[in-house]
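Values in this text are rule-based calculations from the coordinates and carry no lab data. Note that the structure is predicted; figures quoted are calculated from it, not measured. Here the Cβ positions follow ideal geometry from the backbone for every residue, glycine too, while neighbour counts run over all protein chains shown.
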Amino acid sequence: MNHGGRLRAAAMRSVFIPMSNIISLHAQTATASAYAFACTACGQCCNTPPLLTLDEALRFEAQFIITLGLRRVQPLRAGQPVEGVAADVADVAAQQALFEQLLYPAANGAALQIALLATDYPTRTCPALGGDGRCTLHTAGKPLACDVVPLDALQPDRLQHAVLASRSAGFARAACISPAAAGAGQLLIDGTQVTDVGYAHDLQRHRAALAADKTAWGNALHRLLTDALRDVALWARIPQAGFYQIPPVPLLALLAADPAYGPARCAQFVRAQLALIDAALAAALQRKQAADKPFTQQLRGMAEACRSLLPRLAA
Ligand code: SF4
Ligand code: SF4
């Protein structure tokens, strides 16, 4: 097997982890189109680690175990009910424009999301969540994906009302999202507009960072994975809810060849990841919980993939 083939084989030793912060727009009874939001920093939405940009993945290499996540995204069709309202032509066009900017073409009209994911045992919360229920990365500049919560940068502004309708159920215990008519919190969404200036700005910042990542490494990685993704059996395993996760080996191969990063920076990243994985495995061994076993197996596979990369980065 050639060098690229070995990298792809290592990358495709994969795991599938559902993530509760994935939202999908779906049909249900009609909901409000104006929403207010009042965050009490209860930490409930920090039950899974966040999606990251490349800059964040490198910055937080000692905080998060990082994988590549693949997700199948089905675009809206005009007339399709979304949270009780039929999507119109403008909804479809806005979503299509955003998907072209941030996602990748895939089979049968679907789109493919390729994301950098922080990951941890499914039985645990985000590792950056402090014992006091607050984010320990707040002062270091927490990930952009966290800044935009409860919104979703992968949906256009005019569909954020559907994002909030979907998430209000998931955040029900926190009760931080409410129809504006209820009079609680600050108006965040009014129909097709994000009315909160700070959130509108953060959404744009997050989309710009994701688009920059797509240009910098996403398109090249998509090309690298294209052959593997033609495998019908593999494509069938890529979910819509959650991510099919693979070790970041093919991305590191790209970055190692990029003078902006190079092999030494990639080796530093791999060593930081191996230290985190070893610590996570040791902690799991102490916990002795049967529920940890599948993820322990996956972490061991990741460690093996990372270790096999180190000599090639040093060569
Ligand atoms: S669940 Fe709601 S109130 Fe709690 S931290 Fe998340 S956004 Fe804030
Ligand atoms: S990084 Fe901070 S804000 Fe983001 S999910 Fe983790 S604890 Fe929550």
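Annotations
- From the options ASP196, ASP213, ASP190, residue that is within 23 Å of the chain's Cα centre (by Cα) and of a type in the set (Asp, Glu): ASP213
- Subset of region 75-133 [part of a strand (DSSP E or B) and under 21 Å from the mean Cα position of the chain (by Cα)]: TYR104, PRO105, ALA111, LEU112, GLN113, ILE114, ALA115, LEU116, LEU117, ALA118, THR119, LEU129
- Some residue of region 63-76 being free of Cβ contacts under 8 Å to residues at least 40 places away in the same chain and surrounded by fewer than 21 Cβ atoms within 10 Å (Cβ to Cβ): yes
- If you go through region 134-143 and keep only what is over 15 Å from the mean Cα position of the chain (by Cα) and either of a type in the set (S, T, N, Q) or buried (at least 22 other Cβ atoms within 10 Å of the Cβ) (or both), you end up with THR136, THR139.
- The lone exception for ALA209 - which of (1) surrounded by fewer than 18 Cβ atoms within 10 Å (Cβ to Cβ); (2) touching an Asp or Glu at 6+ places or on another chain (Cβ under 9 Å) it fails: (1)
- Residue list for region 135-145, filter: within 8 Å of ligand 2 (Cβ to nearest atom) and either in a loop (DSSP other than H, G, I, E, B) or among the acidic types (Asp, Glu) (or both): THR136, LEU137, HIS138, LYS142, PRO143
Conditions tested, residue by residue: (1) within 13 Å of ligand 1 (Cβ to nearest atom); (2) of a type outside the set (Phe, Trp, Tyr); (3) touching a helix residue (DSSP H, G or I) at 6+ places or on another chain (Cβ under 9 Å).
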{"residue": "THR136", "(1), (2), (3)": "no, yes, no"}
{"residue": "PRO143", "(1), (2), (3)": "no, yes, yes"}
{"residue": "GLN160", "(1), (2), (3)": "no, yes, yes"}
{"residue": "SER168", "(1), (2), (3)": "yes, yes, no"}
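- Within region 275-298, residues that are in contact (Cβ under 8 Å) with a residue 12 or more places away in the chain sit with their Cβ atoms under 8 Å from residues that are charged (D, E, K, R), at 6+ positions apart or across chains, in these pairs: ALA280/ASP120; LEU281/ARG300; ALA284/ASP292.
- Residue in region 107-124 that is within 14 Å of ligand 2 (Cβ to nearest atom) and more than 21 Å from PRO239 (Cα to Cα) present: yes
- Pair list, Cβ < 7 Å and 6+ apart or interchain, from region 110-139 residues that are free of Cβ contacts under 8 Å to residues at least 24 places away in the same chain to residues that are part of a strand (DSSP E or B) and crowded, with 20+ Cβ neighbours inside 10 Å: none
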